[in-house]
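The values are calculated or read from the model by the stated rules, or taken from the named source; none is laboratory data. Just so you know, these numbers come straight off a predicted model, no measurement behind them. Cβ: placed from backbone, ideal geometry, glycine included. Neighbour counts: every protein chain shown.
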Amino acid sequence: MDGRFTDCRFFLKGATPSPGTLAALGANNCVFVEDRFQVQPSNAKYKGSEPFTGAHLTYKAQGYGGFGDFACLQGKFREGGSLPAAVAIHLTYFEKATKEVWVEHFVSKSQLQSDRDLPKKMREAIAAAAAATTRVADSFGHTDAYRKYLEADRTKESVDLQKNKRWSVAHHLDLMSGLLSGRFR
């Protein structure tokens, strides 16, 4: 390597880069970005928990300079949207034993398209997310955003879809930074 990329970072998305690409760019200059969120055709289709990432545990050993994801969003922008039949909150958490990160989908019980009461559906999803605080084998890290969900559950605050998305993304970023810094154990 002739050192021409020493002050650069390359964000690589898609398939795992070839050894030649990593050698040319310098793996320690590369940040591998994965689209980890498994998008469903509707919110009602999300069920329970699923593995999300362990990249924070392996990126250094693989020689990468960093890792990334799109939080609980799909990596490709999609136009449109409509009034959802169900409301979903997608929150990442880590298993205390392994530090692997999972995503859990908290979906409203009300899922009829004809039921247009979004505040009620959001309260149902928030109540489900708040109930998860009692688990002992894993942790949501009690980020500022997660605390906002807990407070909204306690006060029955009205939370719109945009605020839910902002809180979900902020929670994921805070959780990952907390895991990297050792703030969450």
Worksheet item: Within the stretch 34-59, how many residues turn out to be in a strand (DSSP E or B), at pLDDT 90 or above and either surrounded by fewer than 18 Cβ atoms within 10 Å (Cβ to Cβ) or touching a Cys at 6+ places or on another chain (Cβ under 9 Å) (or both)?
Response: 4
Practice prompt. Could you please let me know if residue 27 is surrounded by 13 or more Cβ atoms within 10 Å (Cβ to Cβ), farther than 30 Å from residue 85 by Cα and either modelled with pLDDT of 90 or more or hydrophobic (A, V, I, L, M, F, W, C) (or both)?
Written response: yes
Worksheet entry | Members of the stretch 136-185 found to be surrounded by 15 or more Cβ atoms within 10 Å (Cβ to Cβ) and of a type in the set (Ser, Thr, Tyr), listed by number | 139, 143, 146, 149, 168
Worksheet item: If you go through the stretch 83-106 one residue at a time, do you hit one that is at positive phi and touching a residue at least 24 places away in the same chain (Cβ under 8 Å)?
Response: yes
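Of 93, 64, which residue is in contact with a Leu (Cβ under 9 Å, 6 or more places away or on another chain), over 22 Å from residue 184 (Cα atoms) and surrounded by 13 or more Cβ atoms within 10 Å (Cβ to Cβ)?
Exactly one of 93, 64 is in contact with a Leu (Cβ under 9 Å, 6 or more places away or on another chain), over 22 Å from residue 184 (Cα atoms) and surrounded by 13 or more Cβ atoms within 10 Å (Cβ to Cβ), namely 64.
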Response to the item:
Of 105, 171, the only residue that is of a type outside the set (Ser, Thr, Tyr), touching a Phe, Trp or Tyr at 6+ places or on another chain (Cβ under 6 Å) and assigned to a helix (DSSP H, G or I) is 171
